[in-house]
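J.: To start, I am sharing the structure in question, which I have written as structure tokens.
The values are calculated or read from the model by the stated rules, or taken from the named source; none is laboratory data. Because the structure is predicted, anything quoted here is derived from the model rather than measured. Neighbour counts run over all protein chains shown; Cβ positions are idealised from the backbone, glycine included.
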Amino acid sequence: MIVIRDLIKRYGRKTVLNGVSFSLPSGKIYGLIGCNGAGKTTLLKCIAGLTSYQGTILWNHVLFANRPSSARLGVMIENPVFFDSLTGRENLSLIAKLFDDPSVVHIDEAIAAVGMSSKANDRYSTYSLGMKQRLYFAYAMMADPEILLLDEPFNGVDPVTTNVFERLLRKEKEKGKIILISSHQIRELQELVDGALILDEGKIAFQTEDASNTDLMAKFLSIAASSEGGLR
């Protein structure tokens, strides 16, 4: 379980996250919903340790920054940095060299899981947006992470790729993983996630353990209508 308490993030004088608190249990998929500028990506970056913050993030009662190295983290946050001149497999192999324990990395299995085996030896520059997203997902999955943080993973992908991602996420959920997904495709997200959080102006405006509840959409539309950011 991940527990977040009083999380605050500021960029200069601008407060992006203002006292965010919630918990994420193992074996569940949670959706993170919010208008443009609500702080979703920043929140994921804080959890992933990609930016500094005030507050506390605990993983199984241990400070997240001090979590055991065996507690692996898979992330898809903003645009990936892959080399155009390398193949998909070469890009993942290069990244794998940065892992403390390369033996936990299973590149070919991850490539196969996202349906990219036939394109793994093609240069990244030839990939479509959907193929790039699949490779990014393979990167997030290749070390069998216990925690998955996914920022708009369905953005710009075709229905086939969406189905591939959803199938994989359900399998990871069955393995007891912690999964947090941000997305603006609320109706599709509702079919996948167990619970959901609505982030508004840096605060948790609504939380439900039943994401299929019609109140989630109504609540989001109400918050979006009153938000300066408007609908994303």
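J.: Among Ile57, Ile33, which is over 23 Å from Pro153 (Cα atoms) and not in a loop (DSSP other than H, G, I, E, B)?
T.: Working: Ile33 fails: over 23 Å from Pro153 (Cα atoms).
After ruling out the rest, the residue left standing is Ile57.
J.: Criterion first (assigned to a strand (DSSP E or B) and β-branched (Val, Ile, Thr)) does Val81 satisfy it? Quick ask: steps written out before the conclusion?
T.: Values: assigned to a strand (DSSP E or B): no; β-branched (Val, Ile, Thr): yes.
No.
J.: Considering only the range 91-110, how many residues are outside any loop (DSSP other than H, G, I, E, B), of a type outside the set (A, V, I, L, M, F, W, C) and surrounded by fewer than 17 Cβ atoms within 10 Å (Cβ to Cβ)? Spell out how you get there, then give the answer.
T.: So the first thing to find is which residues in the range 91-110 are outside any loop (DSSP other than H, G, I, E, B), and the list is 91-96, 102-104, 107-110.
Filter once more, so that each one left must be of a type outside the set (A, V, I, L, M, F, W, C): 91, 93, 102-103, 108-109.
Right, trim to surrounded by fewer than 17 Cβ atoms within 10 Å (Cβ to Cβ) and you get 93, 102-103, 108-109.
Qualifying residue count, the range 91-110: 5.
J.: Then there is this: Within the range 11-25, can one find any residue that is under 16 Å from Glu146 (Cα atoms) and part of a strand (DSSP E or B)?
T.: Taking the range 11-25 as the starting set, the residues that turn out to be under 16 Å from Glu146 (Cα atoms) are 23-25.
Among the residues that remain, those that are also part of a strand (DSSP E or B) are: 23-24.
Yes, because at least one residue in the range 11-25 is under 16 Å from Glu146 (Cα atoms) and part of a strand (DSSP E or B).
J.: Please tell me if Ala224 is surrounded by 12 or more Cβ atoms within 10 Å (Cβ to Cβ), in contact with a Gly (Cβ under 9 Å, 6 or more places away or on another chain) and at pLDDT below 80. Quick ask: steps written out before the conclusion?
T.: Working: surrounded by 12 or more Cβ atoms within 10 Å (Cβ to Cβ): yes; in contact with a Gly (Cβ under 9 Å, 6 or more places away or on another chain): yes; at pLDDT below 80: yes.
Yes; evaluated as a whole, the condition is true for this residue.
J.: Something else now. What strands (runs of 3 or more DSSP E) completely inside the range 114-210 contain at least 3 residues that are buried (at least 19 other Cβ atoms within 10 Å of the Cβ)?
T.: Working: elements: 147-151, 178-182, 195-200, 203-208.
Result: 147-151, 178-182, 195-200.
J.: Considering only the range 88-99, I want to know if a residue exists there that is farther than 20 Å from Ile178 by Cβ and among the β-branched types (Val, Ile, Thr).
T.: For the range 88-99, residues farther than 20 Å from Ile178 by Cβ and among the β-branched types (Val, Ile, Thr): present.
J.: List every residue pair whose Cβ atoms sit under 6 Å apart, with the two residues 6 or more apart in sequence or on different chains, where the first one lies in the range 112-123 and is in contact (Cβ under 8 Å) with a residue 12 or more places away in the chain and the second, anywhere, is among the small types (Gly, Ala, Ser) and part of a helix (DSSP H, G or I).
T.: As it stands, the answer is Val114/Ala138; Ala120/Gly88, since those pairs meet every condition given.
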